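The values are calculated or read from the model by the stated rules, or taken from the named source; none is laboratory data. None of these values were measured; they are calculated from a predicted model. Every residue, glycine among them, receives a Cβ derived from its backbone with ideal geometry; neighbour counts consider all protein chains shown.
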Number of protein chains: 2
Amino acid sequence: MTDNAQQSLSVINVGLASFADTINETGGTAVHVDWRPPAGGDVNVARALAGLVNNERIDSANRTAFENYLTAQPILKGIGRAGDVIPGMGERMILHSGPPINWDNVCGPVYGAIIGAILFEGWADNENTGKELLRSGEVTIAPCHHHATVGPMAGITSPSMPVWMVSDADGGNQAFTNLNEGLGKVLRFGANSPEVIERLRWMQDTLANVLGAAISSSGGIDIKTIMAQALYMGDEVHNRNAASTGLLLKQLVPHALRTGLPADDVAQAIEFISGNDHFFLNVSMAACKSMLDAAHNVPNSSMVTAMARNGVEFGIRVSGCGDQWFTTLAPVVDGLYFPSYSIDDAAPDLGDSAITETAGLGGFAMAAAPAIVQFVGGTPADAIRRSREMQPITIGRNTAFTIPALDFGATAAGIDVRKVVDTGIQPIINTGIAHKDAGVGQIGAGITRAPMACFTQALMKLSETPTG
Amino acid sequence: MTDNAQQSLSVINVGLASFADTINETGGTAVHVDWRPPAGGDVNVARALAGLVNNERIDSANRTAFENYLTAQPILKGIGRAGDVIPGMGERMILHSGPPINWDNVCGPVYGAIIGAILFEGWADNENTGKELLRSGEVTIAPCHHHATVGPMAGITSPSMPVWMVSDADGGNQAFTNLNEGLGKVLRFGANSPEVIERLRWMQDTLANVLGAAISSSGGIDIKTIMAQALYMGDEVHNRNAASTGLLLKQLVPHALRTGLPADDVAQAIEFISGNDHFFLNVSMAACKSMLDAAHNVPNSSMVTAMARNGVEFGIRVSGCGDQWFTTLAPVVDGLYFPSYSIDDAAPDLGDSAITETAGLGGFAMAAAPAIVQFVGGTPADAIRRSREMQPITIGRNTAFTIPALDFGATAAGIDVRKVVDTGIQPIINTGIAHKDAGVGQIGAGITRAPMACFTQALMKLSETPTG
């Protein structure tokens, strides 16, 4: 018996997966290694990669960058008016998500949201006049990321909008983000109807006041603690924020009640947040931005500090490469579409929210949020598998963010450009999907991957620096 | 190759587990079936069991009872004064958890909590005078379960205490439970110091007012929906109630703000709830009591409708056996103890909270709450295994309560006395652990099992009824 058992087959299969399937079906054990030639078989990239792996100069820079990311302690400090608090934001500037783009090249939902912002600001009272302001250059657009800001989906932030203000506890960097409007017809998905503008006005007048007073009374709210708790409560703090929103609300409400503001304003604000399970998303994004900005600009570091999409291009920034973007066409997401919509209706991947994955959350922490597969597709087992899949392409683990379903293991964090190119494993992203036309809104959600071309470009750039 | 693979060993091992271990270690596949003789080898019990399995009279009764449990829709309707709203509760009666017991036989924490309730009511101003009231019979004690009530741990409920009022949506049964005091030195764990009594007074004066007004304004809160959401957010709604507490708070706060009550009272109430992640436990218990009372008193049904412990005895009630309790000595829980405490300090298993397991939640739904293993012991994989282990001893699945980690499978619910005796699988219970002495409080938490003797007694009782 024992002899027979010992003879049962164990094989490591490299290459054709169907060969391994046959062995498994007949009762043996085969582990399929999805081998691909490093650097996708491109000789120049392979040569660059060879010069960068096991490179102490880069390894050391990555240790510094990763340590800076780990020790960042983003605190929610208040609410400000975007034009007043966001560095370098002009009074006629509109911020958008993703890498830089000209206003006349933007995708449908971004265009819809820009027009919505112009209407909200009262700079024009119709689309044509608004368009003229863009054409004449009287109104300019710029990436959120160029102004210490992040915004989900279109990411549109105009000067009069209220924004969350996040500061590192050590007095380091600041990060900003707009307030989440909820689901359905909302500006960030490109809708700009009167109800959308009216909601933005209420947020500006009432919600911002209540939140600002409550946070001021709290003295600041530790965001990482909320994120860590939420990972034990089914959130991955990108596309699922039900628990984190509740945890934030729990901290804000007692302060809101003692602001002396009219009880009805407070009640309206609390009802709005209670009815919007994505409310925490923007806070999560700003915290991630703050943690990653702490890791940015470490010379020679190959750690990715931003992944962002503008609905046309997907771009990444890398710690050791300064403010340069490495971009390629944004993919269209093959996700779960709402009834009557399909991939043919979808805008390409959009939004700064992939900053959560860049920080080891979102898709990287999907194992924490098995219920999310109902929103983005797959099974709970896939969610766990995907979290584990990200481990080989990251610099380390963030022990501030642990996941019960991974036996309380820490999230994989700090994407290393070299490891992505070497393994061929593309970073995973959980994302919402906007309709390609302006004014429609969200039509689905799904799982996508950061395009490899961004990482090979960054790798080539890193290889230009003489090795030390 | 294929031939060798096909020869690898597959064995079903019945009996000695170490035999299966040897096969597994040497590379073969063995499934260990933990076979025990039915009915623990007792001939009388085995004979009774033989007459009750595959018995259409009982199967049919169980279908009715289980359907009644499934369709129950407990609604949180308000807050009342225990003595005014709990049926049959006298003005000098104190309710306790578990099966009936004489006051002079109760365990330390129950005694401590009874004295605390007497001090709280102002019937006496010290322990000795309080004891005299019990000795003389001027103050009587009775099980919560005899008065449509459930209470966690000691379960002590006296007439002036505020209680949650739960009603079935169809106007069926009512259920009651006291308000959760939080952790640490609290009455339900047997503490009765001035701070404990003072907190109870504040709950009576302020908290009850705010909650009562908010629920009244809401028109009633659907508890099953909160429980179902919480199962997607890491709670099993017995020993982990972090998400459910937040969800309840989210529904209550906007109403609380419009009650016209002083803002400071409202803020105090919300702060208290925000600071107590177990606040929802009692609501969960009352909802489970309501669902199971709907299934109670179906003639011939072998469905368990209550499991409860008084710190001396463990008792169950069965749908077809009316108000009879089937009791045996309560086990001491081998759990995770707080620093400086051990199993030697523990009171035996205590509290009505096993009503959650009886309803398919708590230990039965542990797969929903992997983080709970940090509180009660084990690994996240154990939590999933335990939820699956309960499937063979239950009548069916409650599709209102699904669990992502079980691929969105429904919780096993409706414990069948016959199946417990037949399989030897004892129902699992997640529980807190009280110190054996009065006045100390909680010293740990852990996982325990309902004792088999309760189920064999119930089986024998069911077998007395002539089969139809």
Item to check | Top-ranked residue of segment A:130-165 - restricted to ones that are in a strand (DSSP E or B) and in contact with a Phe, Trp or Tyr (Cβ under 7 Å, 6 or more places away or on another chain), ranked as farthest from A:Ser218 (Cα to Cα) | outcome: A:Ile141
Item to check | strands (runs of 3 or more DSSP E) wholly inside segment B:1-114 that include at least 1 residues being at pLDDT below 90 and touching a Gly at 6+ places or on another chain (Cβ under 7 Å) | outcome: B:10-14
Item to check | When residues of segment A:316-363 are limited to those that are under 25 Å from A:Arg388 (Cα atoms) and of a type in the set (Ser, Thr, Tyr), the one farthest from the chain's Cα centre (by Cα) | outcome: A:Ser319
Checklist outcome for this item: A:Val420: passes all of (1) modelled with pLDDT of 95 or more; (2) assigned to a strand (DSSP E or B); (3) more than 24 Å from B:Ala381 (Cβ to Cβ) but (2)
Checklist entry - For segment B:190-278, which fully contained helices (runs of 4 or more DSSP H) count at least 3 residues that are touching a residue at least 24 places away in the same chain (Cβ under 8 Å), within 14 Å of chain A (Cβ to nearest Cβ) and surrounded by fewer than 24 Cβ atoms within 10 Å (Cβ to Cβ)? => result B:208-218, B:242-257, B:263-274
Item to check | Residue among A:Gly360, A:Gly378 that is at pLDDT below 95 and part of a loop (DSSP other than H, G, I, E, B) | outcome: A:Gly378
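What are the residues in segment A:401-417 that are part of a strand (DSSP E or B) and surrounded by 19 or more Cβ atoms within 10 Å (Cβ to Cβ), if any?
Those that are part of a strand (DSSP E or B) and surrounded by 19 or more Cβ atoms within 10 Å (Cβ to Cβ): A:Phe401, A:Thr402, A:Ile403, A:Thr411, A:Ala412, A:Ala413, A:Gly414, A:Ile415, A:Asp416.
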Checklist outcome for this item: Reported set for segment B:379-414 where residues are at positive phi and within 11 Å of another protein chain (Cβ to nearest Cβ) is B:Asp407, B:Phe408
Checklist entry - Say we look at segment B:389-400 and pick out the residues that are in contact (Cβ under 8 Å) with a residue 24 or more places away in the chain and assigned to a helix (DSSP H, G or I); which of these is surrounded by the most Cβ atoms within 10 Å (Cβ to Cβ)? => result B:Ile393
Next on the checklist: So B:Glu357 passes all but one of these: (1) charged (D, E, K, R); (2) surrounded by fewer than 24 Cβ atoms within 10 Å (Cβ to Cβ); (3) closer than 24 Å to B:Asp59 by Cα. Which condition number does it fail?
Outcome noted: (2)
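For the subset of segment B:369-378 comprising residues that are among the aliphatic types (A, V, I, L, M) and facing another protein chain (nearest Cβ under 9 Å), which member is nearest to A:Gly409 (Cα to Cα)?
Step one: list which residues in segment B:369-378 are among the aliphatic types (A, V, I, L, M), which gives B:369, B:371-373, B:376.
Retained after the next criterion (residues that are facing another protein chain (nearest Cβ under 9 Å)): B:369, B:371-373.
Values: B:Ala369: 16, B:Ala371: 12, B:Ile372: 15, B:Val373: 14 Å.
Among them, the one singled out is B:Ala371.
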Next on the checklist: One residue is enough: does segment B:294-316 have a residue meeting the conditions part of a helix (DSSP H, G or I) and in contact (Cβ under 8 Å) with a residue 12 or more places away in the chain?
Outcome noted: yes
Item to check | Residue in segment B:357-365 that is within 14 Å of another protein chain (Cβ to nearest Cβ) and touching a helix residue (DSSP H, G or I) at 6+ places or on another chain (Cβ under 9 Å) present | outcome: yes
Next on the checklist: Quick check on segment B:428-448. Is at least one of its residues closer than 30 Å to B:Glu56 by Cβ and surrounded by 22 or more Cβ atoms within 10 Å (Cβ to Cβ)?
Outcome noted: no
Next on the checklist: One residue is enough: does segment A:280-297 have a residue meeting the conditions buried (at least 24 other Cβ atoms within 10 Å of the Cβ), within 14 Å of chain B (Cβ to nearest Cβ) and either under 26 Å from B:Phe408 (Cβ atoms) or charged (D, E, K, R) (or both)?
Outcome noted: yes
